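Before any comments, here is the structure.
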Amino acid sequence: MIEINKLKKIADILNSEGTILGLYQLHKQLFLGSFLSDKTGMVYYLTTRESLNQYLNGEKTLGQVYLDSEDFIVSRKFRDETVAYLKQDLADLIQCGDKYYYELSDGLKTPNIQNQINGS
């Protein structure tokens, strides 16, 4: 299980009065935190720069990035509780998971996010 409290936040990739998709780092590994559409918290999972860039370039949906994660077990955090889940069990709950990055409103996107990702 991911030690969420040890993750260092790099940036919000998507934000609307709170993080929808956040980028985190632990050691040299990158993680994403995705808000769940049923409002039961955030799910955290491992990712790569390549997968993130494919998402930002419109080659993958966020759901595909989530499913491409090497994680079999993911961590869901809601308030002060962190619980481990099978990755597949939360796949349909990823907020904006069925959308390509270019389909989302510019108001949700962090400007110049690719520079922050590739510079981290």
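Rule-based calculations on the coordinates, nothing more; no lab input. These numbers come from a predicted model, not from an experiment. As a convention, Cβ positions derive from the backbone with ideal geometry for all residues, glycine included, and neighbour counts pool all protein chains shown.
Couple of notes before you dig in:
- Note on segment 58-94: residues that are surrounded by 13 or more Cβ atoms within 10 Å (Cβ to Cβ), β-branched (Val, Ile, Thr) and closer than 16 Å to Thr47 by Cα amount to 4.
- Within segment 6-19, being without any contact (Cβ under 8 Å) to a residue 24 or more places away in the chain and surrounded by fewer than 17 Cβ atoms within 10 Å (Cβ to Cβ) holds for Lys6, Lys8, Lys9, Glu17, Gly18.
- Helices (runs of 4 or more DSSP H) wholly inside segment 25-120 that include at least 1 residues being over 21 Å from Ile10 (Cα atoms): 62-68, 87-90
- Sole residue being under 24 Å from Glu3 (Cβ atoms), touching a helix residue (DSSP H, G or I) at 6+ places or on another chain (Cβ under 9 Å) and not hydroxyl-bearing (Ser, Thr, Tyr), chosen from Asp71, Asp98, Asp80, Asp89: Asp71
- Qualifying residue in segment 78-91 (condition: within 15 Å of the chain's Cα centre (by Cα) and among the hydroxyl-bearing types (Ser, Thr, Tyr)): no
- Within segment 20-58, the set of residues being touching a residue at least 12 places away in the same chain (Cβ under 8 Å) and more than 24 Å from Phe78 (Cβ to Cβ) comprises Thr48, Arg49, Ser51, Leu52, Asn53, Tyr55, Leu56, Asn57, Gly58.
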